[in-house]
1. Yes or no: region 68-80 includes at least one residue that is open to solvent by 40 Å² or more (accessible area, probe 1.4 Å), of a type in the set (A, V, I, L, M, F, W, C) and either touching a helix residue (DSSP H, G or I) at 6+ places or on another chain (Cβ under 9 Å) or outside any loop (DSSP other than H, G, I, E, B) (or both).
2. With (1) touching a Ser or Thr at 6+ places or on another chain (Cβ under 9 Å); (2) surrounded by 15 or more Cβ atoms within 10 Å (Cβ to Cβ); (3) in a loop (DSSP other than H, G, I, E, B) as the list, and Pro50 as the residue in question, which single condition is left unmet?
3. If you check every pair at least six apart or on different chains, which have Cβ atoms under 6 Å apart with a residue in region 85-111 that is closer than 30 Å to Asp13 by Cβ first and a residue that is assigned to a loop (DSSP other than H, G, I, E, B) second?
4. Take the residues in region 1-46 that are of a type in the set (A, V, I, L, M) and in a loop (DSSP other than H, G, I, E, B), then tell me which one is least open to solvent (accessible area, probe 1.4 Å).
5. Can you tell me which residue is surrounded by the most Cβ atoms within 10 Å (Cβ to Cβ) among those in region 97-115 that are closer than 22 Å to Arg45 by Cβ and either among the aliphatic types (A, V, I, L, M) or touching a strand residue (DSSP E or B) at 6+ places or on another chain (Cβ under 6 Å) (or both)?
6. So, of the residues in region 32-62 that are on the phi < 0 side of the Ramachandran plot and among the small types (Gly, Ala, Ser), which turns out to be farthest from the chain's Cα centre (by Cα)?
Amino acid sequence: MAVLSHITLGTNDKARSARFYDAVLRAIGFERLPKPPEKPLAYERGGEMPTIYIYSPEDGRPATWGNGTHIAFLADRREQVRAFHELALKNGGMDEGEPGERPHYGPDYYAAYVRDPDGNKLQAVCYAPE
């Protein structure tokens, strides 16, 4: 059961974000929703919430990121975490923590951290054993 409706991230370059998120979110099972070009990018997994929206800020100011803030996407398998990280780096993202176990967060906690091209920090995490 979803507990979130949606998550919105800002972008300063929609085309660049589309390339990045199409690849990275696909690795963990998300699909881009069909929307007219003037609408924001939107992604869902299995047609269910939460929806991930990528917007240019409504107030016209540049999109920025929050230090200490990140979004963690749940992956079903560790190979998806590795693909998420690899595709992020190939599509303009920056490494913030290679895929690996993080036992200080709990048993079988396997995660990777990246920043998108606009600086938003993202994580893919899997709680299943290898």
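1. Within region 68-80 (the criterion being open to solvent by 40 Å² or more (accessible area, probe 1.4 Å), of a type in the set (A, V, I, L, M, F, W, C) and either touching a helix residue (DSSP H, G or I) at 6+ places or on another chain (Cβ under 9 Å) or outside any loop (DSSP other than H, G, I, E, B) (or both)), the answer is yes, since at least one residue qualifies.
2. Evaluating Pro50 over (1) touching a Ser or Thr at 6+ places or on another chain (Cβ under 9 Å); (2) surrounded by 15 or more Cβ atoms within 10 Å (Cβ to Cβ); (3) in a loop (DSSP other than H, G, I, E, B) leaves (3) as the failure.
3. The qualifying pairs are Leu87/Ala27; Gly92/Pro117; Gly93/Asp116; Ala111/Arg102.
4. Only one residue tops the list, namely Ile28.
5. Across region 97-115, the extreme among qualifying residues is Ala112.
6. In this case the residue turns out to be Ser56.
The values are calculated or read from the model by the stated rules, or taken from the named source; none is laboratory data. These numbers come from a predicted model, not from an experiment. FYI the Cβ positions are ideal-geometry reconstructions off the backbone, even for glycines, and counts take in every protein chain you see. The area values use the complete protein model at the heavy-atom level, side chains included, leaving out ligands, DNA and RNA. Shrake-Rupley method; radii C 1.70, N 1.55, O 1.52, S 1.80 Å.
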